[in-house]
1. Return the residues of region 68-112 that are open to solvent by 50 Å² or more (accessible area, probe 1.4 Å), modelled with pLDDT of 85 or more and not in a loop (DSSP other than H, G, I, E, B); say none if nothing qualifies.
2. Against the conditions (1) more than 27 Å from Ile106 (Cβ to Cβ); (2) at pLDDT below 90, where does Ser2 fall short? Just the number, please.
3. For region 7-60: of the residues being assigned to a helix (DSSP H, G or I) and among the acidic types (Asp, Glu), which is least open to solvent (accessible area, probe 1.4 Å)?
Amino acid sequence: ISVIYCPYWQHIIDGWKHRNDENVHFIFYEDLKYDMENSLRKLSAFLGKPLKDEDLPKLIDHLKFENVKKNSSINVKFDEFSKNGLVRRGKVGGNPEITKEVARKIDEWSKKNLKDFDIVFPHC
């Protein structure tokens, strides 16, 4: 399997090794998708920046996938692999571009690279 913007696993592992450092906040995309409010509250607590209840709806709206996708500062297009932008579907799991065979290879690749680490990705 070839991955663009590598080394993918080294980035994940380096971050995971620091997940308990006092200056690192580790979050999964799935956490944001399934519980944006709680994820934002945890992040604001980590940053020491109180999040006012009245500001939360506006922030959640700003961070909705469809709004992020429209934001040209975030959804950049800079090479042949990002010609449609880096922000793609905004969904967890069920990627129509990935066949069962490719999914199996990704699972094997993941297990091989994470065999020495206790990282567990959220399931869809």
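1. Lys100, Glu101, Val102, Arg104, Lys105, Ile106, Asp107, Glu108, Trp109, Lys111, Lys112
2. Condition (1) is where Ser2 drops out.
3. Result: Glu30.
The values are calculated or read from the model by the stated rules, or taken from the named source; none is laboratory data. A quick note: this is a predicted structure, and the numbers were derived from the prediction, not measured. Please note: Cβ atoms are built from the backbone with ideal geometry, for glycine as well, and neighbour counts cover all protein chains shown. Calculation scope for accessible area: heavy atoms of the full protein, side chains included, ligands and nucleic acids excluded. Shrake-Rupley method; radii C 1.70, N 1.55, O 1.52, S 1.80 Å.
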